[in-house]
Every structure is written in structure tokens, then in C-alpha cells.
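The values are calculated or read from the model by the stated rules, or taken from the named source; none is laboratory data. Keep in mind the model is a prediction, meaning the values are calculated, not measured. Cβ sites come from the backbone with ideal geometry, for glycine too, and all protein chains shown count toward neighbours. Surface areas here come from the heavy atoms of the whole protein model, side chains and all, with no ligands, DNA or RNA. Shrake-Rupley method; radii C 1.70, N 1.55, O 1.52, S 1.80 Å.
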Amino acid sequence: MRHVVVGTAGHIDHGKTSLVKALTGTDTDRLPEEKARGITIDLGFAFLEEPDGLVIEIVDVPGHERFVKNMLAGAGGIDLALLVVAADEGVMPQTREHLAICQLLRIKSGLVVLSKADLAEPEWIDLVREDVRRALAPTFLAGCPIVAASVKTGTGLPELRAALADLARAVPAKDPDRTARLPIDRVFTVKGFGTVVTGTHGHTVPQATAGQRTAVNLQGVERAAIERGDVLAPAGTLVPTLLLDGTLELLEDAPRPVKTRDRVRFHVGTQEVMARVLPVDRPELAPGGSGQARFRLEAPVVALPGDRFVVRSYSPIVTIGGGSVLDIAPPRFKRRGPALAAHLALLAAGEPPAVLEEHLKQAGVAGARVADLRARTPFGPSLLRQLLDGLQHEGRVLAVDREWYLHRDASDRLRSQTLALLEAFHVENPLRAGISREELRSRVGNAQERVFTQLLTALEAEGVVKSARDQVRLGSHAIRLSPDQERVVKGLEADFRAAGAAPPSPEEALGRLGV
């Protein structure tokens, strides 16, 4: 079975929920307040099953401007946009904002439904169709199918379902080589099972695959411990962050420039957090402009490089832009300096081997665990392993072990520092056999234990370094006495041998030799 996720979009009261019900038989307005007020407040879910095994999973989103944050919680994982425009009203403010959000999230395809076609004359529908085409011209929906339909008369519904199925079949299959994760958009309790986090669910399945909405029963977890915005993933595969770097593009109609330390609403996955935005390499970003930015988050988020995000202004609450996550653990660069801009440009446009190598370069002499690289790069586990093997084969990186890697530059730097420190130590302490291993490790920047052990092992194998007990020395180092020291040693040996069983005190023996 193939699963494709479709998300509705459009202005309030343009008939999104009624259209979903007419297509699927499911009323996605499940809350009493939604029934009472006649508007969609939160996300709703339904699905269509085609005879060939295609499952079209529909996320119905609220259209009211007050609930755009709920809309965003459901928009992050959709493959196709179903933009609904009432035939009797045409393009409205939330039509444009929802369209901008879909554009910022890089949704690739979709179609438009001119709903409530029974309320408009054919000539008027033709005018609305042209108006919609003009609005879509600069967007990903340029040239998409536009279907007029009515849930009351049934006009256009078969054509809509067929067009939707055709688009869904053309959606590329999801790459399963990804870190498994489920951004949680709903949490509830099922009697006899306990806490459930969701996705769309209709029946029990043995497994869920990439790109498929699903519900998961979590044993032994209290309902109150989970909320929308949390992410379900295998332990240790993702890391939360309070600081991330990314691209940032502002909409042409953003009300004002984004300046350093402006407070914004940051939406990624199903999460919404407040953040301070700091444009990289410039003091502000103008409407319609694009660049790089750092986000200081007021609460932790879980994201992977490549994830799209949307930014809304703090006040008034409107969508102003969005971008793509580049780094969830940024290295220490001056934000206005060229090094950070170059680092981010490479992460944004570099080939996979170069991106991975850049992360290992920035890890320095500490190196990086494979688990950390998975959390910091856009590569799935299989591709990541292939890239590491390739870089190792080229001599660009070294494997400390199968779970820890070090860039060649860092290894060479650590080697040079270690040998230089040993040489300096021997010059300053010619009569000591060597330096303690831990003191040496601390002097080379507290190198990670595994990395330092591998370095010493390699140096010993080459004969450059020798270790005895906890002492480390250069292979060429030997205690060499000056002529005067040789005189004292020979005199002491002779004195003690002659004294036999009644040796002098050390002070007395040394005194006789003028020491």
C-alpha cells in the first residue's frame, strides 16, 4: 500500500471540512466547540482508499487566522496541498497566507477546488478561476488542476477525487533510510490501552513506514507527560536544541524587516516556540530578501537539518517567512564573520560528502560519534555509513572505532601538539622518565579518551612514543647526565659500595661530593 498525505488549505468558511466529509464520509470537526461554532478550530483527519491500494490521508486544517498555529502543526508532513477557494467569494486573506505557508514548507504539488459551485453562476466561476490562476502564477501551484465542485449537488466531486488520486500516484515514494520520528500533533487516552499519540488511524497495522501518518500506543507513559510539539523517536537518535542556524527568506508582503534580536514565533514540525532571530552577516533582512540566520529558542525543539520551518511575527501575528534548518548544534563562529557564512553556505549547497566532512572538521579533536552525526546531518543511517566509509577510504577521516570518527586535520593537529608537548617536557625535565598520561591528555585540550588512546597506540606502533605504566615519553628520549652529574653518580656508587652494611645518609654522601 502507498500512503500520501494531503493537507487542506484556505480561508475560513470556504468549505474545507464539508468537502473532506463529502469525499471521505468522515466529519473531521470532532470537538463540541467546533460543532457549536460551525468552524474548524483544530486539526482533523480522514482518509480515502483507492482500489489499487493507494491510501490518501487527509489533514483538515482550520482556516481562521486565530488558528494558523494549529494549521501549521498539521502542515509539516503533507505531500499535496488541497487549496479550497469558495466560488462565490474568490481569493481571501487566509487563502494567501495558507498558500504562502505551503510555499515556505516547499510542498511540491497540489490542486485547487472552487467549492460551493452551486452558489455562483458559470460566468462568475470563470472569473474566479482566472483570479485564482493569477494568484497561483508565482507559486508551486502554477498550472495545477482547478476543479469546481459542490458538496450539495455532488457536481465535480468524482472529477476532484480522480484528480487527487492522479496527483497522489505521482508523488515520489519516501526514502525509508531516515531516522524514524513522529512529530506529535494529538495525544489522547484509549480505554484499555492508555496513552496514544497520533497521526491518522483507522485500523491496527503491524508497522508504519516513512511518510505515513499513524497512531502509536505508548505503554507506561502518562497522558499528561506528552503534548503537541513533542517528537517520538528511538532513544538517542535525536537531540533537543536551544540554538540552530538556517536559511531565512522573508515574504514580499512581510510588514517590516527582521532585525537582530527580533522576537518571532518559530514553527517546525508540530512545535511552536518563541525565538530571537539574529541575521548572519548583516544587521537586518528586508521583506522579499533571503539569507542566513541564527535562532535562539526560548524552549528546546527537536529537528533535523533539511527540515522546513515557518516564522511568524510576534505582533501582529502574521506569517512573515520561513526557511530550512542547516545546523542544530552550531560551532562557535563570530555571527558577523565570514567563517560562519561560509560554513552555512556549504551545509546549504554542498554535496553530501562535503557536508559530512564539514561537520567532522568542526568537531575538532573531540571527534564525533555516529549517533551525534545522525542527529546533526540530513542523512539516514545507511547513507551516513556509506559516506563515512568513503571519506575514510579517501583518508579524509579516521575511524577511532565503528562508532567514533575524527577528521584527518584534527588528527594531524593532535599528533603535532602531542609530540611538541613531549619534546618540551623532556627539555624542561631531562631527569624524568616521562610525563603522566593524564597530564599529557589535559595539555592537548583534554582530547576525548578514545581519540587520545588511538593516537598513542598509533604513535607507539610507529616507535615515535613509548609508554611504561602511566608514563609517556618520546621514543628517542633517554636520561642523559652532564659530566658533573656523572661524577656525582660514580662517587655515590663507590661510596655506598665501600660502606657495605653501614651506608651513609644521603645528605652525608652528597655532602662529601660537594652537592
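Values for this structure:
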quantity	calculated
Calculated over the range 246-292: convex hull of Cα atoms, volume per residue (Å³)	74 Å³
Cα-based convex hull volume of the chain per residue, rounded to whole Å³	219 Å³
Heavy atoms of V258: accessible area, 1.4 Å probe, square angstrom to 10	10 Å²
Point-charge dipole on Cβ atoms (K/R +1, D/E -1) for the chain, about Cα centre, debye to 20	1140 debye
Entries of K108/K174; K334/K361; K21/K152; K466/K490; K174/K361; K21/K108 with Cα pairs more than 21 Å apart	K466/K490; K174/K361; K21/K108
Normalised contact order of the chain, rounded percent, pairs of Cα under 8 Å and 6 or more residues apart	9 percent
Additional length obtainable on full extension of the chain from E508 to R263, 0.36 nm per residue less Cα span	80.4 nm
Cβ-derived FRET efficiency at R0 45 Å, R413 paired with V216, nearest 0.05	0.50
Cut-off of 10 Å, at most 14 other beta carbons, DSSP loop: longest stretch of the chain lacking such chymotrypsin sites (Phe, Trp or Tyr not before Pro)	315-515
Accessible-area value, D401, 1.4 Å probe, nucleic acids and ligands omitted, Å²	50 Å²
Simple label model, 7 Å out from Cα along Cβ direction - D27 to Q386, nm	5.0 nm
Total charge dipole magnitude, the range 403-489, about the Cα centre, Cβ charges on Lys, Arg, Asp, Glu only, Debye to nearest 20	80 debye
D185 accessible area, 1.4 Å probe, all protein chains in place, Å² to nearest 10	10 Å²
Whole-number D in µm² s⁻¹ for the range 224-376, Kirkwood Cα-pair radius fed into Stokes-Einstein, 20 °C, 1.002 mPa s	134 µm²/s
Where S150, S416, S109 fall by accessible area, highest first, once all protein chains stay in place (1.4 Å)	S416, S109, S150
Tail beyond 19 Å, pair distance distribution of the range 67-175 (Cα, percent)	46 percent
Furthest towards positive pole of dipole, T139, L383, T457, structure part the chain, Cβ charges	T457
Loop trypsin sites (Lys or Arg not before Pro), the range 415-515 (other Cβ atoms within 10 Å of the site Cβ: 15 or fewer; DSSP)	R432, R469, R480
Cβ crowding within 10 Å averaged over residues, with 288-294, 177-183 ranked highest first	288-294, 177-183
Per residue solvent-accessible surface (Å²) - the chain, probe of 1.4 Å	48 Å²
Base-10 log of normalised Debye intensity for the range 199-281 (one unit scatterer per alpha-carbon) at q = 0.22 Å⁻¹	-1.23
Protein accessible area in the chain, 1.4 Å probe - carbon and sulfur %	53 percent
With at most 13 other Cβ atoms within 10 Å, longest stretch of the chain clear of loop GluC sites (Glu not before Pro) (DSSP)	1-221
Whole-angstrom gap from the range 155-194 to the range 449-493, using each part's C-alpha centre	66 Å
For the range 132-146 versus the range 391-414, the gap between their alpha-carbon centres in whole angstrom	49 Å
Over the chain: helical MRE at 222 nm, DSSP H runs n ≥ 4 each giving -39500 (n - 2.57), nearest 500	-10500 deg cm²/dmol
Antiparallel DSSP beta bridges within the chain, percent to nearest 5	75 percent
